[in-house]
Structures are given as C-alpha cells and as structure tokens.
Amino acid sequence: MIKRFVLMVSLLVFWFILYGEWSLKLLIYGLLISLSILFLTEKVVFKQTHLFTDIKIVLRFIWFFGVVVHGIIKASFLHLLKIIKNKSYYDVLVYKLSQKDDLINTLIANAITLTPGTVTISLEEDLITVACMIEEKKDLESIRKEISQYEMPFTRSLNA
C-alpha cells in the first residue's frame with residue numbers, strides 16, 4: 001500500500017513539474033491521471049516484484065538503455081544524410097523476436113519506434129512489423145541487426 005502511495009505522489013509531483021504551474025483544477029486532473037497510470041501499470045510494477053529487485057535484471061535494463069541510445073544517435077546521423085540526399089523510400093520489415101515476454105517485446109517495439117527512420121506498425125506476440133526508411137533493399141539487413149542488438153541485453157548472459 002505504501003509503494004502505491006509513493007508512486008502516486010511521485011507521479012503527481014512529476015505532473016506538476018511538467019505542467020509548470022499549480023491550481024486546484026490541475027491537482028484534480030493530476031490525481032485522476034496518476035490514479036489511471038497506477039491502475040494501468042499495477043500488474044507490471046507491483047506483481048512482478050523481481051523486475052526491480054534482482055540486480056542482474058536492473059543491469060540488463062541499463063544495458064538495454066545504452067544500446068537504444070546508441071542506436072538512436074547512430075540512426076539520427078544516417079537518416080539525416082538520407083534526407084539531405086533525398087534518396088530514401090519506405091519498406092516494411094517483419095521480424096521474429098526471440099523473446100516470449102510481452103514486457104520485453106513491448107520495450108523493444110517502443111525502442112524501434114524511438115529510433116529515427118523506423119516505426120513499429122504492429123507487435124503480435126513475438127512477431128514485429130516495422131516500417132523502415134531505407135536507401136536500398138540491403139538496408140533492411142542492417143535494421144534486422146539493429147533489432148537483434150535491442151534483444152541482446154535480454155538474451156545474452158551477463159557473465160559472458
């Protein structure tokens with residue numbers, strides 16, 4: 001119960017920081033949104049307690065974050081050049097993820113969408129469909145490699 005209260009208060013404080021002002025109306029909206037987020041994420045945050053207490057899992061998420069930031073920076077420059085050259089078109093890539101965990105697959109799908117030049121169209125269990133901005137067909141293979149990089153923190157051993 002205390003964890004839920006702390007999360008709700010944290011969300012409410014974050015709401016006010018983002019909004020930049022304070023009023024009774026914003027407090028009511030913030031409470032409603034905080035309660036909604038609390039309700040919608042309860043299964044992930046409170047039922048899977050091992051996610052945030054096991055140090056190996058925390059290290060995997062830090063590793064994943066680093067891989068995603070690297071992918072975003074690299075893709076930003078590559079796609080900037082494609083846009084300047086005006087030599088790009090879109091194609092669709094279907095990729096089978098190795099993970100069976102819905103949370104991890106959703107994180108990977110969101111990371112793909114955050115990466116410039118790619119948008120996740122759908123995620124059905126372990127099959128992901130991605131719209132990709134490419135210069136030529138062989139670029140699809142580099143996008144496949146990038147997606148496999150996003151999976152790596154969750155498939156490789158931390159001891160290796």
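The values are calculated or read from the model by the stated rules, or taken from the named source; none is laboratory data. Quantities reported herein were computed from a predicted structural model and do not represent experimental measurements. All Cβ positions, even for glycine, are placed from backbone atoms using ideal geometry, and neighbour counts span all protein chains on display.
Residue-wise test of (1) modelled with pLDDT under 85; (2) touching a Pro at 6+ places or on another chain (Cβ under 6 Å); (3) closer than 19 Å to I104 by Cα.
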position: M1; (1), (2), (3): yes, no, no
position: V9; (1), (2), (3): no, no, no
position: S23; (1), (2), (3): no, no, no
position: Y29; (1), (2), (3): no, no, no
position: I33; (1), (2), (3): no, no, no
position: L40; (1), (2), (3): yes, no, yes
position: K43; (1), (2), (3): yes, no, yes
position: K47; (1), (2), (3): yes, no, yes
position: T53; (1), (2), (3): yes, no, yes
Note to self: So for the range 53-68 (the condition being more than 29 Å from K3 (Cα to Cα) and touching an Asp or Glu at 6+ places or on another chain (Cβ under 8 Å)), does at least one residue qualify?
What the structure shows: no
The lone condition F61 fails out of (1) surrounded by fewer than 13 Cβ atoms within 10 Å (Cβ to Cβ); (2) touching a residue at least 12 places away in the same chain (Cβ under 8 Å); (3) not basic (K, R) is (1)
*Does L140 fit the bill of being buried (at least 19 other Cβ atoms within 10 Å of the Cβ) and more than 17 Å from the chain's Cα centre (by Cα)?*
no
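What residue, of K145, K87, is modelled with pLDDT under 85, among the charged types (D, E, K, R) and over 15 Å from the mean Cα position of the chain (by Cα)?
On the way: K145 fails: modelled with pLDDT under 85.
Within the list K145, K87, the selection yields K87.
Conditions tested, residue by residue: (1) more than 30 Å from I57 (Cα to Cα); (2) not aliphatic (A, V, I, L, M).
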{"residue": "V68", "(1), (2)": "no, no"}
{"residue": "V92", "(1), (2)": "yes, no"}
{"residue": "S98", "(1), (2)": "no, yes"}
{"residue": "N105", "(1), (2)": "no, yes"}
{"residue": "N110", "(1), (2)": "no, yes"}
{"residue": "V119", "(1), (2)": "no, no"}
{"residue": "L123", "(1), (2)": "no, no"}
{"residue": "E135", "(1), (2)": "yes, yes"}
